[in-house]
Amino acid sequence: MRLGIDVTLDYTIDGAADVLLLIEAAKMADQRLELQDLRVYSDFPLRAVPGEDAIGQRCWVHCVGPFRAEYRAIVEIMRTPVDLAALRDTPIRRMPPETIPYLLPSRYCESDRLEGFVHQEFPGLTAGALAVALTQWVGDHLTYAWGTSTGTTTAMMTFAERRGVCRDYAHLLVALARAGGIPARCVSAYAPGVDPPDFHAVAELWIGGGWHLIDPTGMASCGDLARVAVGRDATDIAFMTVFGTATLNWQNVAVTKLP
């Protein structure tokens, strides 16, 4: 699978502000960057810093007034589907240290408040079998509805409202997985077929000795996703964080399958 990615961000910064961009596809073993070009129109130098878990990179920009960024990439996805249900459990005490933060509650994924529900609703299930059941539950019980949530909506709020967008689906699956003893993190990604076209949020669960991508909205498969960044929740994977205020003028995210 090869993906063509074309992104344009056009904002107006109110006064001056530092901006943290996170829009470049990550170079990883299961996705290869054939072409990548990021252009930010600013009078100030850019500074790149590593992303969470050394996956991808962030870019610091200082802006005054107009802000425009253009990103183009071609990414080859070299990831084969895995039968999640067949993956076995790993005792928590034997999991690698880098998974520990993804077992714990975070600001938007209050997994501690969902433990009772998971144990009652999915008794006896662990690892891959539990991951499949949780993904199915989220897909069956949530309705994808644009404009029904905000940047402060948490997994518990989505659990109660039973509707949201990709960010909310990812938060809820991540929180449920952590509640069931599965390390889980949020992932920002590019994927074709996302409706409406936008930056996409999915989940990644650590099962059977490795991380596995899952799109709880069902809009993309693991072989269609190009990771940008990973983190505890949406705070860590936001495509643009403005340390100040900004006004959106125009934004476009286009992802297409290439021959």
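Per-residue counts of other Cβ atoms within 10 Å, averaged by peptide: what ranking do you get for 196-208, 175-187, highest first?
175-187, 196-208
Rank 143, 217, 126 by mean-square fluctuation in a GNM of the chain with C-alpha springs under 10 angstrom and give only the top-ranked residue.
Evaluated over the chain, the most mobile residue of the options is 143.
What residues have an amide H closer than 5 Å to that of residue 90, excluding those fewer than 5 places away on the same chain, when H is modeled at 1.01 Å from N in the peptide plane?
208
How long is the gain from residue 20 to residue 250 if the chain were fully straight, where each residue apart is worth 0.36 nm and the alpha carbon distance is subtracted?
Result: 81.0 nm gained on full extension.
With θ taken as phi - 60° and the coefficients 6.51, -1.76 and 1.60, list the Karplus ³J(HN,Hα) couplings across the range 60-71 in order, rounded to whole Hz; mark glycine and proline as x.
So the Karplus estimates, Gly and Pro as x, are 7, 9, 9, 10, 10, x, x, 9, 9, 10, 10, 10 Hz.
Kindly write out, for the range 15-32 in residue order, the coupling ³J(HN,Hα) from the Karplus curve 6.51 cos²θ - 1.76 cosθ + 1.60 (θ = phi - 60°), rounded to whole Hz, with x marking Gly and Pro.
Computed from phi, the couplings for the range 15-32 are x, 10, 7, 8, 10, 10, 9, 9, 10, 8, 4, 7, 7, 9, 5, 9, 8, 10 Hz.
Could you give the C-alpha radius of gyration of the chain expressed as a fraction of 2.2 N^0.38 Å, taking N as the number of residues it contains?
Normalised Cα radius of gyration, the chain: 1.00.
Taking the dipole about the Cα centre of the chain, with the C-beta of Lys and Arg at +1 and of Asp and Glu at -1, give me whichever of 248, 64, 124 is farthest to the positive side.
Checked the options; the winner is 124.
Relative contact order for the range 109-220 using alpha-carbon pairs under 8 Å, separation at least 6, rounded to a whole percent?
28
I need the phi-derived Karplus couplings for the range 34-50: 6.51 cos²θ - 1.76 cosθ + 1.60, θ = phi - 60°, integer Hz, Gly and Pro marked x.
After applying 6.51 cos²θ - 1.76 cosθ + 1.60, I find 7, 8, 8, 8, 10, 10, 10, 8, 8, 7, 10, x, 8, 9, 8, 9, x Hz.
Using the heavy atoms of the protein chains alone and a 1.4 angstrom probe, what is the accessible area of the range 151-226 per residue in square angstrom?
The answer is 26 Å² per residue.
Going by a ≥ b ≥ c, the root eigenvalues of the Cα gyration tensor, does the range 133-178 fall in the rounded group (a/c under 1.5), the prolate group (a/b larger than b/c) or the oblate group?
It is oblate, given that a/c is not under 1.5 and a/b is not larger than b/c.
What percent do you get for the relative contact order of the chain when only Cα pairs under 8 Å and 6+ apart count?
Reported relative contact order: 30 percent.
With +1 on each Lys and Arg Cβ and -1 on each Asp and Glu Cβ, and nothing else charged, work out how big the dipole of the range 115-257 is about its Cα centre, in Debye to the nearest 20.
Dipole about the Cα centre, nearest 20: 160 debye.
Quickly estimate the mean residue ellipticity at 222 nm for the chain, helices only: each DSSP H run with n ≥ 4 gives -39500 (n - 2.57), and the total goes over all residues, rounded to 500.
-5000 deg cm²/dmol
Classify the range 84-193 as rounded, prolate or oblate from the Cα gyration tensor: take a ≥ b ≥ c as the square roots of its eigenvalues, call it rounded if a/c is under 1.5, otherwise prolate when a/b beats b/c and oblate if not.
Prolate, since a/c reaches 1.5 and a/b exceeds b/c.
Tell me whether the range 175-259 comes out rounded, prolate or oblate; compute the Cα gyration tensor, take square roots of the eigenvalues as a ≥ b ≥ c, and use a/c under 1.5 as the rounded threshold.
In terms of gyration-tensor shape, oblate.
Leaving out ligands, DNA and RNA, and with a 1.4 Å probe, what % of the accessible surface on the range 140-229 is carbon or sulfur?
The nonpolar share, carbon plus sulfur, comes to 52 percent.
Residue 247 accessible area, nearest 10 Å², 1.4 Å probe?
Around 70 Å² of this residue is reachable by solvent.
Find how many whole Å separate the alpha carbon centroid of the range 224-250 from the alpha carbon centroid of the range 50-111.
12
Could you tell me what percent of the accessible area of the range 1-103 is made up of carbon and sulfur, with a 1.4 Å probe and every protein chain present?
Taking all protein chains in place, the range 1-103 shows 53 percent carbon and sulfur surface.
The values are calculated or read from the model by the stated rules, or taken from the named source; none is laboratory data. Quick caveat, the model's predicted, so the values are computed rather than measured. Counting neighbours? That spans all protein chains shown, and the Cβs are built from the backbone with ideal geometry, glycine included. These area figures cover heavy atoms from the full protein model, side chains too; ligands, DNA and RNA do not enter into them. Shrake-Rupley method; radii C 1.70, N 1.55, O 1.52, S 1.80 Å.
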